[in-house]
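The values are calculated or read from the model by the stated rules, or taken from the named source; none is laboratory data. Fair warning: this is a prediction, and the values are worked out from it, not measured in the lab. Note: ideal-geometry Cβ built from the backbone for every residue, glycine included; neighbour counts use all protein chains shown.
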Amino acid sequence: MSRKEDAPTDDGKEMKGVDDGSRLERAKLPGKRAMRWHPFYRGKVEVLPKCQIRDFDDFGVWYTPGVAEPCRAIERDPLAVYEHTNRWNYIAVASNGTRVLGLGDIGPLAGYPVMEGKSLLFKYLGGVDATALMIDTRDPDVFIETVKLLEPTFGGINLEDIRTPDCFYILDRLRREMDIPVWHDDQQGTAAISLAGVINGLKVVGKKLEEVKITLVGAGAANICLARTLLKAGVPGRNIVVVDSRGILHPGRRDLEEGKETNPYKWELALTTNGEGRTGGIAEALVGADVLVSASKPGPGTIKKEWMERMADDAVALIEANPVPEIWPWEAKEAGVRVIGTGRSDFPNQVNNSIGFPGIFRGTLDVRARTISDEMHIAAAYAIAETAEEKGIHEEYIVPTMEEMDVFVNEAVAVAEKAMEQGLAGIKKSRQEIREEAEALIKASREKTQLLMREGYIREAPPV
């Protein structure tokens, strides 16, 4: 495959005769639009009423004096808050901006646009009301206490863009100490969509998850959680090899043993993976690998074509760094890899967290689950994979896209059912009830946005 002749376009199709300069300009377009459109709208989400206001007398119902009666009802029964307020559908996207995707440690103010964008995706794709919650601290304990104090406001917490290893410690403590679901999308969300891509990629090439050798390049939030997820999904630890910036994880690495107090997660993987006792770097880790999942330093060149040539026949590679994957997908194809996914929308098989978290939270909130267990996000991964499989998977279609609304509904059903099965749900519903409610909420969210656009309340953005 020639890089020049067969580069994919924004819709995933081949684009003949387009040079590198044109592709680079196209890649820069979202950033140019962002600098015009963000200040044009002055943000991406706002608060709108959801109740009818027929006349000003209705404010006596929604506020004083009428509101006193719901307050008394909640005082008598705290669970009544879910009936009288929007807490049942309201989450915080909480971050301190210390590890923003592709940007690094830029702090809470500079990270605000990302969390607001996440809130928009939650609403449009999952019908979930979300707000950015920027917390100005680098102390994980202060961050934890701040989020805990806000528990009465929210029905769930989505942690986002927090540096490692703080993100593991924060998630683990908040899951233990809060009575509402807490989720870290950089960990669990990436693991869910990556697992879905691996499941269907292996189906395309005719291999079994429990038998393949899997190499994970990058040992940050995404891949550490993915390794743990793969283990729970039935992959033997001996079949997994993890590589960080210093090389393959193994018990002989003194830096991992010496750092196990501050980052026990890497040390645990060094002890439970790499059954062949491999040492070295990415090149050595890829020898004979059936699957590569890379969530590492943006490329190109982080992973070299000649290294990928040493993978097993009919290999699957998910190269997820943004804004530029660790190796260009056409180079991976030239190396003999059969199924390739990236984190970008302008190549086939976008491994995109946005396919996961809206539906996962939809199902979690709809049965009032008190946490999001590992089994719940694994159930979501299989729902994502099955949604694509029903439509016919092939080398350039292994996971659904954001346009496919049914994937979010299917995830919501799978997650809610798993929560009920594990005894984690606050309320029980039938499969049909969950499906119908999720479909209605997601459809309404999209239709309201389209209505506001048609009526001119959401103005058309200026051209760029």
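Out of the range 432-442, which residues are farther than 18 Å from TYR382 by Cβ, free of Cβ contacts under 8 Å to residues at least 60 places away in the same chain and surrounded by 13 or more Cβ atoms within 10 Å (Cβ to Cβ)?
GLU433, GLU436, GLU439
Here is a check on your reading of the model: is ASP366 closer than 24 Å to LEU159 by Cβ, surrounded by fewer than 24 Cβ atoms within 10 Å (Cβ to Cβ) and of a type in the set (D, E, K, R)?
No, not satisfied.
Please determine, by comparing only the residues of the range 115-154 that are among the acidic types (Asp, Glu) and under 19 Å from ILE442 (Cα atoms), which one is surrounded by the most Cβ atoms within 10 Å (Cβ to Cβ).
Among those residues, the one meeting the criterion is ASP129.
When you scan the range 316-336, how many residues do you find that are outside any helix (DSSP H, G or I) and over 25 Å from LYS208 (Cα atoms)?
8
Considering only the range 235-269, how many residues are closer than 18 Å to ALA289 by Cα and more than 23 Å from the chain's Cα centre (by Cα)?
8
Under 6 Å between Cβ atoms, which residue pairs at least 6 apart in sequence (or on different chains) link something in the range 167-196 that is under 13 Å from ILE372 (Cβ atoms) and part of a loop (DSSP other than H, G, I, E, B) with a partner that is at pLDDT 95 or above and among the hydroxyl-bearing types (Ser, Thr, Tyr)?
Close Cβ pairs satisfying both conditions: PRO181/THR364; PRO181/THR371.
Pairs only if they're at least six apart or on different chains, beta carbon under 8 angstrom, first in the range 225-238 and within 14 Å of GLU211 (Cα to Cα), second acidic (Asp, Glu) and surrounded by fewer than 18 Cβ atoms within 10 Å (Cβ to Cβ); list them, first residue then second.
If the second residue must be acidic (Asp, Glu) and surrounded by fewer than 18 Cβ atoms within 10 Å (Cβ to Cβ), the pairs left are GLY234/GLU210; VAL235/GLU210; PRO236/GLU210; ARG238/GLU276.
Rundown of residues vs (1) over 23 Å from ALA92 (Cβ atoms); (2) touching a Ser or Thr at 6+ places or on another chain (Cβ under 8 Å); (3) surrounded by fewer than 17 Cβ atoms within 10 Å (Cβ to Cβ), yes/no style:
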{"position": "PHE357", "(1), (2), (3)": "no, no, no"}
{"position": "ILE372", "(1), (2), (3)": "no, yes, no"}
{"position": "ALA380", "(1), (2), (3)": "no, no, no"}
{"position": "ASP406", "(1), (2), (3)": "yes, yes, yes"}
{"position": "VAL415", "(1), (2), (3)": "no, yes, no"}
{"position": "SER430", "(1), (2), (3)": "yes, no, yes"}
{"position": "GLN450", "(1), (2), (3)": "yes, no, yes"}
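Return the only residue of LYS448, LYS428, LYS443, LYS418 being basic (Lys, Arg), at pLDDT 95 or above and part of a loop (DSSP other than H, G, I, E, B).
Going through LYS448, LYS428, LYS443, LYS418 in turn, just one is basic (Lys, Arg), at pLDDT 95 or above and part of a loop (DSSP other than H, G, I, E, B): LYS428.
Tell me, please, whether a residue that is small (Gly, Ala, Ser), assigned to a helix (DSSP H, G or I) and either outside the structural domain of LEU441 (by TED's automatic domain parsing) or under 27 Å from SER345 (Cα atoms) (or both) can be found in the range 36-52.
No - not one qualifying residue is present in the range 36-52.
Considering every residue within the range 134-151, establish whether at least one is part of a strand (DSSP E or B), touching a strand residue (DSSP E or B) at 6+ places or on another chain (Cβ under 7 Å) and farther than 21 Å from ALA438 by Cβ.
Checked the range 134-151: at least one residue is part of a strand (DSSP E or B), touching a strand residue (DSSP E or B) at 6+ places or on another chain (Cβ under 7 Å) and farther than 21 Å from ALA438 by Cβ.
Picking from LEU226, LEU231, which residue would you name as being crowded, with 23+ Cβ neighbours inside 10 Å, assigned by TED's automatic domain parsing to the domain that holds GLY281 and not small (Gly, Ala, Ser)?
LEU226
Exactly one of these conditions fails for ASP374: (1) modelled with pLDDT of 95 or more; (2) closer than 16 Å to PRO181 by Cα. Give me its number.
(1)
Has the range 254-265 got any residue that is without any contact (Cβ under 8 Å) to a residue 40 or more places away in the chain, at positive phi and in a loop (DSSP other than H, G, I, E, B)?
For the range 254-265, residues without any contact (Cβ under 8 Å) to a residue 40 or more places away in the chain, at positive phi and in a loop (DSSP other than H, G, I, E, B): absent.
Assuming ALA221 fulfils every condition listed in (1) modelled with pLDDT of 95 or more; (2) buried (at least 19 other Cβ atoms within 10 Å of the Cβ); (3) of a type in the set (Gly, Ala, Ser) apart from one, which condition is it?
Every condition holds for ALA221 apart from (1).
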